[in-house]
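The values are calculated or read from the model by the stated rules, or taken from the named source; none is laboratory data. Owing to the predicted nature of the structure, the values given are computational and were not obtained by experimental measurement. Note that each Cβ is placed from the backbone with ideal geometry, even for glycine, and that neighbours are counted across all protein chains shown. Protein only, heavy atoms only, side chains kept; ligands, DNA and RNA dropped before computing areas. Shrake-Rupley method; radii C 1.70, N 1.55, O 1.52, S 1.80 Å.
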Amino acid sequence: MAPGILVEEPAAQLPQVTKSNLDAPRNIFPDGIRTSGQHAPLYDVLKPYSEFPKEITGRTVWKRDDFINNPEKWVHPFTDEEIAELSATADAFIASGTPLTGISKENFVLPKLGKVLTELREDLLNGKGFILFKRFPADTWGPEKNAVAYMGLGTYLGYFVSQNGRGHVLGHVKDVGDDPTQIHTVRIYRTAARQFFHADDGDIVGLLCVHRAQEGGESDIVSVHNVWNILQKEHPDVAETLTKPIWYFDRKGEVSDGQEEWVRQPIVYIENGGQGRLYCKWDPYYVKSLTRFSDKGLIPALSEEQLHALKVLEDTCQQEALHMVLEVGDIQFLSNAHLLHARTAYRDFAPPAPRRHLLRLWLATPEGEGGWALPMPDSHEKKRGGIQVNDTPPRAPLDAE
């Protein structure tokens, strides 16, 4: 049986993608583009396990030992000249009075640094999938200039998308006191709890460290394609389970009118055309938080097969991960297509010292502009993915809310 018809889905449950996302009202969306939001996959184009590669080769396959003692391969300290150009452009943007949600490559011009970022974008999409910038002046510029300069850098990599139901296109990874045990309503980035290996709902994620924790909060990343090769050799049963569209992902209440509270999908996909690459979409917190629905019989509970698969996947990621510590002024950009990332639990300094604080960007790279050919209805949209609730306008708050 084809994987797209394992479970019958009423056609009405598939979100309708229209031109309105690319011609959104500018009084709500300053750049005229609405975030597409979360979608169920195109079930009829999903591939069965038999069509997945036994082994992946190429630049996207890497191991920790390739980089752990070779920082020159993945660390780029901003030069004085690059910082000066970024500073001048940020100052000019602030003076223009343009809202931060209207920032773009066209109004944030970086003649020299833009070339560096364009080359980086290709490597993020088609190469190793990560970079660590250093020497961003986060401790001297202040909240507004930090946000402007950081989002300006992001415009050269992709289109910023909303990260939650409140329309935040500039996210704040910070412990705001939410209870991490309430995973059906709480987003873990708003707590100090451990984040298991996962990918976000954007093609690229950026994290700028503004303040460090007293202890913990360290970063781990892993090549999905390396993990896949290991699973195919050592746990082919797990690899097959990951390809099945039997996984229900929680929307955690961030739904538009008429949408279901969950999305059914696989964890790994094959591109719908393109280069036929393996793509991963995963977050264990989002599949473990649905007992309020499975207890009522609305969706299946996680099976023993699935529980085993998610444990083996996490264990394999931990085994293969590249570890790094983000210092103040570091910016980490990662691919969400072929990398997974995690964070250790952390403890903040006692008040009045500032809490650990990272600024986060989710960036979309549409298929027509070099992005992966996703088996999603919005693959060609500029702001594909993200989280969009009805016409909630984009916002770029300068601190956590």
request  = Multiply the residue gap between L298 and D399 by 0.36 nm, knock off their C-alpha separation, and tell me the result in nm, one decimal place.
outcome  = 32.6 nm
task = Please give, to one decimal in nm, the separation of the simple spin-label points placed at D65 and E119, each 7 Å out from Cα toward the Cβ.
result = 2.9 nm
request  = Rounding to the nearest 20 debye, state how big the charge dipole of the chain is about its Cα centre with +1 on each Lys and Arg Cβ and -1 on each Asp and Glu Cβ.
outcome  = 280 debye
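By its C-alpha gyration tensor, with a ≥ b ≥ c as the square roots of the eigenvalues, how is the range 230-325 shaped: rounded for a/c under 1.5, else prolate for a/b larger than b/c, else oblate?
Numbers: a/c = 1.69, a/b = 1.46, b/c = 1.15.
It comes out prolate by the Cα gyration axes.
Run the numbers for E305 and H211: contour at 0.36 nm per residue of separation, minus the present Cα-Cα distance, in nm.
Values: separation 94, 0.36 × 94 = 33.84 nm, distance 4.06 nm.
Between E305 and H211, full extension yields 29.8 nm more.
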task = Report the residues of the range 147-178 in range of a label on I28: point 7 Å along Cα→C-beta, backbone N strictly under 17 Å from it.
result = 161-169
message = Given R₀ = 45 Å, what would the calculated FRET efficiency be for H76 paired with S256, taking r from the Cβ atoms and rounding to 0.05?
response = 0.70
task = Compare the Cα positions of T57, L132, L170 along the charge dipole of the chain (+1 at Cβ of Lys, Arg; -1 at Cβ of Asp, Glu; about the Cα centre) and return the one farthest towards the positive end.
result = L170
remark   = Only helices counted: for the chain, with every DSSP H run of 4 or more residues adding -39500 (n - 2.57) and the sum spread over all residues, [θ] at 222 nm is -7000 deg cm²/dmol
remark   = Which of A301, A239, A90 fluctuates most in a GNM of the chain (C-alpha springs under 10 Å)? That residue is A301
remark   = Expressed as a percent, the accessible surface of the chain that is carbon or sulfur, using a 1.4 Å probe and the full set of protein chains, is 53 percent
key: Solvent-accessible area per residue, Å², over the range 118-247 with all protein chains present [probe radius 1.4 Å]   = 30 Å²
inquiry  = If I model a spin label at A84 and R135 as a point 7 Å from the Cα along the Cα→Cβ vector, what separation in nanometres do I get?
reply    = 1.2 nm
Shape category assigned to the range 181-302 from the gyration tensor of Cα positions, a/c cut at 1.5 = oblate
message = So for each of 71-84, 352-365 I average, over its residues, the number of other beta carbons within 10 Å; can you give me the resulting order with the highest mean first?
response = 352-365, 71-84
The range 284-401 - accessible surface per residue (Å², probe 1.4 Å) = 39 Å²
task = Looking at the chain, send over the antiparallel percent of its DSSP beta bridges, to the nearest 5.
result = 90 percent
